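This report concerns only the one structure given below.
The values are calculated or read from the model by the stated rules, or taken from the named source; none is laboratory data. As the structure is a prediction and not an experimental result, all values here were calculated from the model. Here the Cβ positions follow ideal geometry from the backbone for every residue, glycine too, while neighbour counts run over all protein chains shown. Heavy atoms of the whole protein, side chains included, go into the accessibility calculation; ligands, DNA and RNA do not. Shrake-Rupley method; radii C 1.70, N 1.55, O 1.52, S 1.80 Å.
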Amino acid sequence: MDTKSKALFQAANRHIPGGVNSPVRAFLAVGRTPRFIASAHGDRIVDVDGNEMIDYVCSWGPGILGHAHPDVIRQVKDACEKGLTFGAPTENEVVLAELIAEMIPSMEVSRLVGSGTEAVMSAIRVARGFTKRDKIIKFQGCYHGHSDCLLVQAGSGALTTCVPDSAGVPADVVKNTLVASYNDDSSVEEMFRLHPDQIAAVIVEPVAANMGVTLPKPGFLEFLRKITRAYGALLIFDEVITGFRLSPGGAQEYYHVTPDLTTLGKIVGGGMPIGAYGGRKEIMDLVSPVGAVYQAGTLSGNPIATTAGIATLRILKGDPGIYQRLSKKAERIEQTIREASKGFVCVNRIESLLSVFFTPRRVSDYKSVSSSDTAAYADYFGYLLDHGVYVAPSQFEAMFLSDAHTEQDIAYTCGIISDYFSGRCRWMDEWKNGSF
Ligand code: KE4
């Protein structure tokens, strides 16, 4: 029953584009009315119609401890009593910068901003300022927020041109953006061969999670580290999703590859709006007011957001066992999908991040991701939603686990998934007959 969600969605559409403040929330990819959430605790969310669901979106990643963690909430409440924002430096910002540097040593110096988009936009600017070069390489299928120069898709002459992937982005703005293929060394080598001293940086999601979870092939990240060094370009790891998710030190600790710059979001704010970018002092000293690269923000590092971020990181740092618990829970779901689907779908998982792709092909890049049957995913999504399991409303997103997911809820989820694939799922039969 979603009566109140339907009414709210109607009202929302009158004053908000598509009725949502971020497109994926509109459920367009799954053909359902978005659920308007009233509250959330632990691994549960409750919508305005009182439907309680087990949450595997976790607000797209920040919710690694579960919703409304009591220690985080208590500290945020106390902080609110002292004022919400001062527009002046605070002790919290020093504490959070020290925590980030301790957990992600390559971020010796960092700057807090308001979102992952802002972190990436700023990191690109610093890379261009540091190298005095204009071109950047990104990868097809990787998403780094909505700053203009990254809203691109490979043009026909992918090696030389790109075309905007959004209205309102002038062609001029993306002319210095090159789009390579994820996990394809040769596509990167070719770009450096064509533009040997013009590339400021390569930006990559060390584990791509915005085309669904797509893992780096063995050696790919090491290759990017090597080729950027060889050509004097910077390597930027966009760890907005993987930061503090794959391990306390993110993907760079997990894969033992150290980038020059890192961008963070989501977990670093503990559910409050924080992004961050950082790297070694030599690079970050270019950032205003020390250096010539300008970047600023009214609410950057505000006391409430930094309180939530510090509380969250301290819990993660203080209980590394969380990562093993998270991984075991995700592994149970992965195994259930593999067994129940009898190999008719592809499951990619790394630690507590996973995606199920409705294709029997192995998914390792944008091309193979594109073979997924999005209508089939929508059918799967709807069945889970109707049975109280809330996963990403898009084939090209990830499933997130939290430390609050109980064994009981994981078992329930596995039961629903098994029921779907073994009984309800018309997709496999019709897919076999090519009629889906
Ligand atoms: P934000 O500006 O949304 O805080 O971060 C942008 C961003 C940057 N880099 C990566 C790797 C990201 O995944 C994101 C944002 N992630 C999406 C989920 N795939 C946010 C959800 C949404 O857009 O509503």
By the Cα gyration tensor axes a ≥ b ≥ c (a/c under 1.5 gives rounded; else a/b larger than b/c gives prolate, otherwise oblate), the shape of segment 221-366 is oblate
Accessible area of segment 190-241 belonging to carbon and sulfur atoms, whole % at 1.4 Å probe: 55 percent
Sorting 133, 32, 25 on solvent-accessible surface, 1.4 Å probe, most exposed first, gives 25, 32, 133
Ordering of 197-205, 118-126, 43-51, 87-95 by packing [mean C-beta count within 10 Å, highest first]: 118-126, 197-205, 43-51, 87-95
Only helices counted: for the chain, with every DSSP H run of 4 or more residues adding -39500 (n - 2.57) and the sum spread over all residues, [θ] at 222 nm is -11500 deg cm²/dmol
Accessible surface of residue 358 - all protein chains present, 1.4 Å probe, nearest 10 Å²: 0 Å²
Could you rank 85, 307, 298 by how accessible they are, 1.4 Å probe, largest area first? 298, 85, 307
Using only the alpha-carbon atoms of segment 67-208, report the extent along each of the three principal axes, biggest first, to the nearest angstrom. 56, 33, 28
Cα-centred dipole magnitude for segment 1-104, charges only on beta-carbon of K, R (+1) and D, E (-1), debye, nearest 20: 700 debye
State log₁₀ I(q)/I(0) for the chain at q = 0.14 Å⁻¹ as given by the Debye formula over alpha-carbon point scatterers of equal weight, solvent excluded. -1.41
Please tell me the relative contact order of the chain in percent, rounded to the nearest whole number, where contacts are Cα pairs under 8 Å and at least six residues apart. 21 percent
Filter 226/266; 342/367; 132/175 down to the pairs with a C-alpha to C-alpha distance above 18 Å, please. 226/266; 342/367
Pick out which of 165, 134, 319 has the largest mean-square fluctuation in a Gaussian network model of the chain, springs linking Cα atoms closer than 10 Å. 319
Which ³J(HN,Hα) values in Hz, rounded to whole numbers, follow from the phi angles of segment 77-86 under the Karplus curve 6.51 cos²θ - 1.76 cosθ + 1.60, where θ = phi - 60° and Gly and Pro get x? 4, 4, 5, 4, 5, 9, x, 8, 7, 10
Computed from the beta carbon distance with a Förster radius of 35 Å, FRET efficiency for residue 39 and residue 101 to the nearest 0.05 stands at 0.50
Interchain or long-range residues, amide H under 5 Å from residue 389's placed H: 54
Taking the Cα centre of each part, how many Å lie between segment 247-267 and segment 67-81? 26 Å
Mean-position separation - Cα centroids, segment 187-214 and segment 342-388, in angstrom: 25 Å
If a/c stays under 1.5 just call it rounded; otherwise compare a/b with b/c (prolate if a/b is bigger, oblate if not). Do that for segment 1-152, with a ≥ b ≥ c from the square roots of the Cα gyration tensor eigenvalues. oblate
